[in-house]
Amino acid sequence: MDMDKTLRETDFAEIGVPKKGKVRDIYDLGDKLLIVTTDRLSAFDVVLPTGIPDKGKVLTKLSSFWFQEMEDIIGNHILETDVEKYPDPLKKYGGQLKDRSMIVKKAKVIPVECVVRGYLAGSGWNDYREKRSICGIPLADGFLESSKLAMPIFTPTTKAEEGHDMSITYNETVDLIGESLAKKLMETSISIYEKACKIAEGRGVIIADTKFEFGMLDGEMIVIDEMLTPDSSRFWSIKDYQPGKPQDSYDKQIVRDYLNTLDWNKQYPGPELPLEVVDKTRARYVEILQILTGKGL
């Protein structure tokens, strides 16, 4: 893999200094935003020094695909993804922006991460084992790791600028943003998840869980950030699915598994990744793009 093609940082001096997330660089264009999805990869809340080539392109293409699929449920923030149609000041950066950026509407972010779970995995499985509940939602005895739930559940978290998001109950969500908006977030999140599951299952993929972000624009709620990508969702193969153990997922689990073999305290700075781990991780990202959209890079 040609690591020279990896875009970890952007520096578009003429546009300004970006607000940097773990993966995305966001430039303020006045009445709109430019979001650039880099190839940065975070694990255990630490951005690693090694990027994954083309990861940003996979996330952008998948988000665009899902935003379009869900337009009958909710509008989204995309204005333009074709760099040829970007404003002139951006065109000189076209090589870096192509396939990994979007110009979006400026919305007021709702401070809740909207997590929907259809299966017991990750922190949801840990909570179930300890408390037989997730985010205050009681669950029956007898579930195994990776078991399918009777129906999807809404398990929101706070939206942390740094570090871990913290799980909150639905009632705490109501306290935070009001009952009407909390209900709309829950219902919309579950509707998107259920439609996405039908589409994905038709292509041999289980969406175990996912998270969404929403914003308000001109009094309307829209979906923002990313949608149903390997960074925000757990994708499993239907043919390999077997409850009672962790599943092999189309995401950065390869990286997490490698890091867990190291003597690393999960603090910044993280270790460099070997080329073999980078190549395998990139292949997983590209594979899920191909499976879900029918198109490669």
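About its Cα centre, how strong a charge dipole does the chain have in debye, to the nearest 20, once Lys and Arg get +1 and Asp and Glu get -1 at the Cβ?
Details: 41 positive and 49 negative charges, 85 e Å.
Rounded to the nearest 20 debye, it is 400 debye.
May I ask you to give the percent of accessible area on the chain that is carbon plus sulfur, with a probe radius of 1.4 Å?
49
Say R0 is 45 Å: what FRET efficiency, to the nearest 0.05, do Glu179 and Leu262 get from their beta-carbon distance?
The pair Glu179/Leu262 has a calculated efficiency of 0.45.
Can you tell me what share of the DSSP beta bridges in the range 182-294 is antiparallel? A percent to the nearest 5 is fine.
Bridges in the range 182-294 that DSSP calls antiparallel: roughly 100 percent.
Is the shape of the range 12-80 rounded, prolate or oblate, going by the alpha carbon gyration tensor and its root eigenvalues a ≥ b ≥ c, with a/c under 1.5 for rounded and a/b larger than b/c for prolate?
Oblate, because a/c is 1.5 or more while a/b does not exceed b/c.
Taking Lys108 as the anchor, which aspartates and glutamates have their alpha carbon closer than 16 Å to its alpha carbon, excluding any fewer than eight residues away along the same chain?
By straight Cα distance, Lys108 reaches Asp28, Asp31, Glu161, Glu213, Asp218, Glu220, Asp225, Glu226.
Compute the FRET efficiency between Asn171 and Ala150 as 1/(1 + (r/R0)^6), taking r as their Cβ-Cβ distance and R0 = 22 Å, and round to the nearest 0.05.
FRET efficiency, Asn171 to Ala150: 0.55.
May I ask for the percentage of alpha-carbon pairs in the range 1-122 that lie more than 22 Å from each other? Please report the intermediate quantities before stating the final value.
Values: 2936 of 7381 pairs.
The share of Cα pairs beyond 22 Å in the range 1-122 comes to 40 percent.
Looking at the square roots a ≥ b ≥ c of the eigenvalues of the Cα gyration tensor of the range 120-268, which shape do they give, rounded for a/c under 1.5, prolate if a/b is larger than b/c, or oblate?
rounded
Please give the Cα centre distance for the range 205-253 versus the range 31-89, rounded to the nearest Å.
When both Cα centres are located, 15 Å separates them.
Filter the cross-link list Lys131/Lys183; Lys148/Lys195; Lys57/Lys98 down to pairs whose alpha-carbon distance in this structure exceeds 18 Å.
The answer is Lys131/Lys183.
Let a ≥ b ≥ c be the square roots of the eigenvalues of the Cα gyration tensor of the chain; is it rounded (a/c under 1.5), or, if not, prolate (a/b larger than b/c) or oblate?
oblate
Find the accessible area per residue for the chain; the probe is 1.4 Å, ligands and nucleic acids are left out, and the unit is Å².
49
Can you pick out the pairs among Lys239/Lys280; Lys32/Lys61; Lys20/Lys159 whose Cα atoms lie more than 18 Å from each other?
Lys239/Lys280; Lys32/Lys61
For the chain, with the dipole built from +1 on Lys and Arg beta-carbon atoms and -1 on Asp and Glu ones, taken about the Cα centre, which of Ile206, Ala13, Gln253 lies farthest toward the positive end?
So the residue furthest toward the plus end is Ile206.
Mind checking which aspartates and glutamates have their Cα closer than 13 Å to the Cα of Lys92? Skip sequence neighbours fewer than 8 apart in that chain.
Partners within reach: Asp11, Glu14, Glu84.
Given R₀ = 22 Å, what would the calculated FRET efficiency be for Glu71 paired with Ser42, taking r from the Cβ atoms and rounding to 0.05?
Calculated value: 0.15.
The values are calculated or read from the model by the stated rules, or taken from the named source; none is laboratory data. In this text the structure is predicted, and so the values were computed from the model without any measurement. Counting neighbours? That spans all protein chains shown, and the Cβs are built from the backbone with ideal geometry, glycine included. Note: areas computed on protein heavy atoms with side chains; ligands, DNA, RNA excluded. Shrake-Rupley method; radii C 1.70, N 1.55, O 1.52, S 1.80 Å.
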